[in-house]
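Structure first, then comments.
The values are calculated or read from the model by the stated rules, or taken from the named source; none is laboratory data. This structure is a prediction, so every number in the text was calculated from the model and none was measured. Neighbour counts are summed over all protein chains in view; Cβ atoms, including those assigned to glycine, are modelled from backbone coordinates with ideal geometry. The area values use the complete protein model at the heavy-atom level, side chains included, leaving out ligands, DNA and RNA. Shrake-Rupley method; radii C 1.70, N 1.55, O 1.52, S 1.80 Å.
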Amino acid sequence: MVDLIRQAEEGDHARIVDSIGTWWSDSRSPAAARELALLVPRLFLQHFGSTSFVVERDSRFLGFLVGFLSYDRPDDAYIHFVGVDPAQRRGGVARRLYKAFFDMVRQEGRSRVECITSPANTGSIAFHRRMGFELVPGDKEIDGVPVHSDYDAQGHDRVCFVREL
Ligand SMILES: CC(C)(COP(=O)(O)OP(=O)(O)OC[C@H]1O[C@@H](n2cnc3c(N)ncnc32)[C@H](O)[C@@H]1OP(=O)(O)O)[C@@H](O)C(=O)NCCC(=O)NCCS
């Protein structure tokens, strides 16, 4: 039973949407989980499949990472969305996805990776710290974590991460 990590493709879109709807159902209502899946519209797989990755075991999805190389910032790459099957968490799946992404970013001559999360997502904050990300100073702190107020919209604060490669 060997896990396969590969670049994503458009045909993965439906499974990613299904995975988000299933994997987040413990923390959200089914409707809210489906709404979350709209953060990964098909266009990401159409245009950024080769900079995104999936991990499979026996053709079953274990996790995925959706990322891209910045068009406007020539040194930068961005991780837009990452998710791991709750039954597989803390087993190194996301670490493998991030390593594949970092390797690709380096090969493409980029030197910095950025991403964001919500202040309530303490697991994501801990994970990104373990993965070597620094927290970008914000305009306030919540439980010692720097937060950027109204980052995406009013009331949608974010924690911003950056990792130099
Ligand atoms: C965050 C997430 C992607 C981590 O995936 P994972 O496969 O469990 O992570 P890994 O097993 O590869 O962990 C890598 C390191 O981070 C640490 N880590 C992972 N999740 C953690 C958590 N919730 N709390 C503390 N540390 C954590 C691991 O201990 C590991 O450290 P180590 O290798 O030094 O022991 C996963 O929990 C997830 O899908 N969460 C829901 C979606 C989400 O929050 N996405 C990020 C939004 S930006």
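Counting only residues that are within 8 Å of the ligand (Cβ to nearest atom) and over 17 Å from residue 163 (Cβ atoms), which one in region 122-147 is most open to solvent (accessible area, probe 1.4 Å)?
122
For region 98-115, what are the residues that are open to solvent by 10 Å² or more (accessible area, probe 1.4 Å) and within 11 Å of the ligand (Cβ to nearest atom)?
Result: 99, single match.
Just wondering, is there one or more residues in region 136-155 that are on the phi < 0 side of the Ramachandran plot and part of a helix (DSSP H, G or I)?
No: zero hits.
Which pairs have Cβ atoms under 8 Å, sit 6 or more apart or on different chains, and link a residue in region 24-52 that is within 15 Å of residue 79 (Cα to Cα) and in the same structural domain as residue 68 (by TED's automatic domain parsing) to one that is open to solvent by 40 Å² or more (accessible area, probe 1.4 Å) and assigned to a loop (DSSP other than H, G, I, E, B)?
These pairs meet every condition: 45/9; 49/9.
Only one of 74, 119, 86 is touching a Lys or Arg at 6+ places or on another chain (Cβ under 8 Å) and assigned by TED's automatic domain parsing to the domain that holds residue 38; which?
74
For residue 118, are the conditions met, namely being within 14 Å of the chain's Cα centre (by Cα), more than 7 Å from the ligand (Cβ to nearest atom), touching a residue at least 40 places away in the same chain (Cβ under 8 Å) and farther than 16 Å from residue 53 by Cβ?
yes
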